[in-house]
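This report concerns only the one structure given below.
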Amino acid sequence: MKLNYNKHKNSIFLIFFYFLVFFITFLNINDYGIHIEEKFHRLNGLFWVNYIFDLLGLNNLAEISQTKIDQIYDYTLNRPSYYNKYGVVLDLPVAFLEIFLSIDDVNKIYTLKHLLSFLIFLISSIFFYKLLLSRYNFFLSFVGVAIFIFSPRIFGDSFLYKDVLFLSFVTITIYYFNKSINIFNYRNIILLSLFSSLSVNLRFFAIIIPFLFIFTSFIKKDNLNNITDFCKKISFYILFFIFFLIIFWPYLWSDPLNNFLNLFKNLSRDLVDVKILYNNEFISNRLLPNTYILNWIAITTPVLQFISFFLGFIFCFLRLIKRFINIKEKSIYNDFWRGKNEETDFIIFIIFISFYFLFIFFEAPLYNGWRLVYFFNIFITYFVIYFISIIFGKVKNIFTKRTLIFFSLIIVMININAVIKFHPFQSIYFNKFLSEKTVNGYEGDYYGMASKHFFKKILSKNDSDKIYVAVASHTPLQRGIEGLPAKDRKKFIIVGQEYQMADYIFKNNISEVNSRLNKKYEIPENFSKVYTFKVNKIIVYEIFKKELTR
Amino acid sequence: MKIFFYKALLIFIFFLLAFHFSFNYAVRIVKQELNNNISKEKVESIKLKIKNEMKTAINKENFIKPDDAILINKFLDKIKSDLEKRN
């Protein structure tokens, strides 16, 4: 059988693109450090594996997992039984793999997790591409998926199986949301219920997706014409959603209803209440300004991309207002959209705006930049492409069209350039038009990704058998030691804020208190700065050394 | 009916928005001010400043200027005498 190149050239190009991205990333995956929550997630996975083994009466395996839990646990972590509500979408399968494949080297476990997290992200980007392709041509869909993957902060975090893992599942959920609204059949509804339940498992606030789905399918004309069928399918969706939610969340197994309600009850206990560095001031994360999310997106997204997103959103909003004004009691069209394309725009718009206002109305105590809402990358990219497509639609001149193609590629190239320039610290990216003072007036390396870099730096400066390190920031540096080979780990003794015991002090700008008033992270006078690690203008961390010998 | 539903929904959203950007905004500003000015950290920092000033005072040979010393002395005497009168 002969392959028709012309017919399949887009697919071949896409396969080549994905292969290249995966191959390059695979070669560089070890450059990434250990983030401060790796231990918690490993513990979380093993805790639930242990629970399942116990439940199934597999005592030997339960014992193995319990031994591992006891080995991992340290003073910087809460017991998983105390903080047991976190989702298990990736933690649990990796914990299974860790036990069944007998992987003992912690670095191998983390690398496996990074790789799987990135793979899931890449797979979700295919769904995003398919969503775009159902609306735009191949070129715009490809530009969209490239922006989606190479948005610097998103790319950097895609290995960390936290916020970008949620982004990945929300992307797939939105794809099936759109597909189910478009073709309201049982197959799509089951898949939507599966992925929406997995998203809720990862981040509880995704619970609004089912409500939005019911609302959107309710206002669709076709469904209103056959209300019995609509009710049947929605009931089907709700049942399957609950079923999958329980199946994939061991936390709910023992008492589904009460445990689910406990999520709300313990919300105030579980939500973080700290001071954060924002715009050069320490503010409480419970009293964030309304512009917090928008401001973070603006400063950590390449400028052209942000402007395109903003204009795309405005255009979409204006068109929706126009549709709203023209709603008639009787009409052959849907009220908010005309045709399949506008339907997709409406879905994206309504999900985005609902989440955005949910965070604002409930004064969500965000922290660490906008990482909790990294799933907004779906909407940001969508509106960028929406904006470009509108301009494309308006111009007739071939020269202007080529300029637009060039403009689209420039957005992608800026992202790729940032990804290369910031490697492996893409997760602290700020756009280059900001001054040094501004970028350092916001939280930097909150994930402690640079701790591996720090320890290696110290090892290159000091060959003692025991090195005492203090930490002048709210970073559990202890956990970063796992990024080192076993023989080097023993050399370091972390003494917290007992500065006078330390040979070196690690400092970054992460603080849970106002460190201008609270002196717990103040460097003692007998220490002097010996090294500053900067990525572009951003100070990632500083090393202070004791002037007197111990 | 349909238009009524949409209008009601829109009014509800506008009401929420107006409430959030007026009342909630004002409450947040007040909370922020309180948080900034009478937080535990602020009190601790004032205590620390006072302690530092006290240390500085102890180390100085003459902390209070002679004129001020006379004035404070007289003032304390005055208070003492007034209190004695009351007894």
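Here is the size of the protein assembly as shown from its Cα atoms: Rg then Dmax, 28.8, 118 Å.
Averaged per residue, what accessible area in Å² does chain B show with a 1.4 Å probe, protein chains only?
Working: 7830 Å² over 87 residues.
Roughly 90 Å² per residue, with all protein chains present.
Helix A:303-325 and the long axis of chain A differ in direction by around 40°, with both axes built from C-alpha atoms.
With a 1.4 angstrom probe, the accessible area lost at the B-A interface totals about 2100 Å². R0 = 22 Å: FRET efficiency of A:Lys130 with A:Leu212, Cβ-based, nearest 0.05? Once rounded, the FRET efficiency stands at 0.65. Using only the alpha-carbon atoms, how far is helix A:91-100 inclined from the longest principal axis of chain A? Give it as 0 to 90 degrees, nearest 10. Here the helix axis deviates by roughly 60 degrees. Between A:Val530 and B:Ala8, how many nm apart are label points set 7 Å from Cα along the C-beta direction? Spacing of the two 7 Å Cα→Cβ label points: 7.1 nm.
For the stretch A:102-175 versus the stretch B:49-68, the spacing of their alpha-carbon centroids is 63 Å. Annotation for the stretch A:346-441: trypsin sites (Lys or Arg not before Pro) lying in DSSP loop with at most 11 further Cβ atoms inside 10 Å of their Cβ are A:Lys396. Taking the C-alpha atoms only, the angle from helix A:106-133 to the longest principal axis of chain A is near 20 degrees. Taking Cα centre as origin and charging only the Cβ of basic (Lys, Arg, +1) and acidic (Asp, Glu, -1) residues, the dipole magnitude of chain A rounds to 1820 debye. Relative protection proxy for A:376-386, A:498-508, A:32-42, from highest mean packing down: A:376-386, A:32-42, A:498-508 (other beta-carbon atoms within 10 angstrom).
Phi-derived couplings, Karplus 6.51 cos²θ - 1.76 cosθ + 1.60 at θ = phi - 60°, listed residue by residue for the stretch A:368-384: 6, x, 10, 4, 5, 10, 4, 5, 5, 4, 4, 6, 4, 5, 4, 6, 4 Hz, with x used for Gly and Pro.
The label point for A:Phe407 and the one for A:Asn226, both projected 7 Å from the Cα toward the Cβ, are 4.3 nm apart. Take each residue of peptide B:35-41, count the partner chain Cβ atoms within 10 Å of its Cβ, and average: the result is 5.
Taken residue by residue and averaged, Cβ atoms of other chains lying within 10 Å of the Cβ of A:283-289 number 4. Surface composition of the protein assembly as shown: carbon plus sulfur atoms hold 64% of the accessible area, using a 1.4 angstrom probe and ignoring ligands, DNA and RNA.
Evaluate the relative contact order of the stretch A:97-207 (contact order divided by residue number), counting alpha-carbon pairs under 8 angstrom at least 6 apart; express in whole percent. If you can, show how the numbers build up before the last one.
On the way: 94 pairs, mean separation 28.2, N = 111.
Rounded, it is 25 percent for the stretch A:97-207.
In this structure, the residue pairs whose Cα-Cα separation is over 20 Å, taken from A:Lys507/A:Lys545; A:Lys7/A:Lys396; A:Lys113/A:Lys421; A:Lys85/A:Lys162; A:Lys275/B:Lys49, are A:Lys7/A:Lys396; A:Lys113/A:Lys421; A:Lys275/B:Lys49. Zone of B:Leu48 (label point 7 Å along Cα→Cβ, backbone N under 19 Å): which residues in the stretch A:266-298? Once the point is set 7 Å along Cα→Cβ of B:Leu48, A:274-278, A:280-284 turn out to lie under 19 Å by backbone N, inside the stretch A:266-298. Counting only Cβ charges, +1 for Lys and Arg and -1 for Asp and Glu, the dipole size of the stretch A:160-305 around its Cα centre is about 240 debye.
The values are calculated or read from the model by the stated rules, or taken from the named source; none is laboratory data. Just so you know, these numbers come straight off a predicted model, no measurement behind them. In this analysis, Cβ positions are derived from the backbone assuming ideal geometry, glycine residues included, and neighbour counts consider all displayed protein chains. In case anyone asks, the SASA skips ligands and DNA or RNA and just uses the protein heavy atoms, side chains included. Shrake-Rupley method; radii C 1.70, N 1.55, O 1.52, S 1.80 Å.
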